[in-house]
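Report on the structure given below.
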Amino acid sequence: MSVRLIKAPISLSFSRASMEDEEYLREYHQLSESDDDPINQWLKLAKARGETADTDPVVLNLLVELHRKIDALEMFLKDEKPKRLVLTVEAHIESIGFGHFELTEALLQEGVTYYARIEMPVHPKRDIAIFFQAQSTTLAKIIKMHERDEKDWNAYLTARERVLIREAREKR
């Protein structure tokens with residue numbers, strides 16, 4: 001099986017898991033679009049009621065992000081942390097593809113299913129939750145990812161590919 005991968009430095013945390021394991025599924029759904037933070041829920045309701053029709057979408061998104069930053073700063077000052085599962089392995093992704101990724105180190109057992117949180121370098125910056133299956137000791141196939149996260153993953157992959165093409169052209 002040939003998988004096309006693009007260099008992309010991303011961090012992730014993962015643990016061996018089953019897709020039927022309730023605690024992993026709970027966090028997976030909490031990190032999804034269905035359990036957005038309060039500001040996002042408010043924004044969705046405002047859009048549904050047509051209250052944002054006369055608003056510049058870029059400015060609105062920046063204001064929402066500023067609100068999130070203030071919330072994060074407030075959590076930091078109060079020494080509060082979001083409740084997340086403790087994942088046993090911290091690792092780095094070397095390359096990504098559509099539905100696959102490769103780790104920098106051989107940390108996986110072939111055929112085993114894992115749950116992971118990936119720190120996506122997109123705007124807005126956030127963690128995405130996935131389930132993946134090891135194809136080898138370094139190569140993984142994503143078997144469960146939220147639709148919104150998949151779009152961001154694919155957009156990031158495309159952007160990384162453009163950067164690498166641009167760098168290759170500049171070297172010539």
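Some points to look at:
- Point-to-point label distance, D79-S32, nm (Cα→Cβ direction, 7 Å offset): 3.5 nm
- Residue-averaged 222 nm ellipticity for the chain, from DSSP H runs of 4+ at -39500 (n - 2.57), nearest 500: -13000 deg cm²/dmol
- Convex hull projection area averaged over all views, the chain, Cα basis, nm²: 13.0 nm²
- Sparse packing (at most 10 other Cβ atoms within 10 Å of the Cβ) combined with a DSSP loop state is found for the following trypsin sites (Lys or Arg not before Pro) in segment 62-103: K78, K83.
- Packing-based exposure ordering (other Cβ within 10 Å, fewest first) of R172, R16, R160: R172, R16, R160
- When you filter the chymotrypsin sites (Phe, Trp or Tyr not before Pro) in segment 89-169 for DSSP loop state and at most 10 other Cβ atoms inside 10 Å of their Cβ, nothing is left.
- Within segment 77-172, GluC sites (Glu not before Pro) in DSSP loop having at most 12 other beta-carbon neighbours inside 10 Å: E80, E105, E110
- Mean Kyte hydropathy of 0.0 or more with a Cα span along the axis of at least 20 Å, helices from DSSP in the chain: 57-77
- Principal axis dimensions, largest first and in whole angstrom, of segment 1-79 by Cα: 50, 37, 27
- Separation of the alpha carbons by more than 29 angstrom is noted, of K151/K171; K83/K151; K125/K171; K78/K144; K7/K81, for K151/K171; K125/K171; K78/K144; K7/K81.
- For segment 78-126, the normalised intensity computed at q = 0.14, 0.23, 0.28 Å⁻¹ comes to -0.50, -1.14, -1.39 (log10 of I(q)/I(0), Debye sum over alpha carbons, equal scatterers, no solvent).
The numbers here are math on the coordinates, done by the rules we state, and not lab data. Here the structure is a predicted model, which means the values were calculated and not measured. Positions of Cβ are generated from backbone atoms using ideal geometry, with glycine treated the same way; all protein chains shown enter the neighbour counts.
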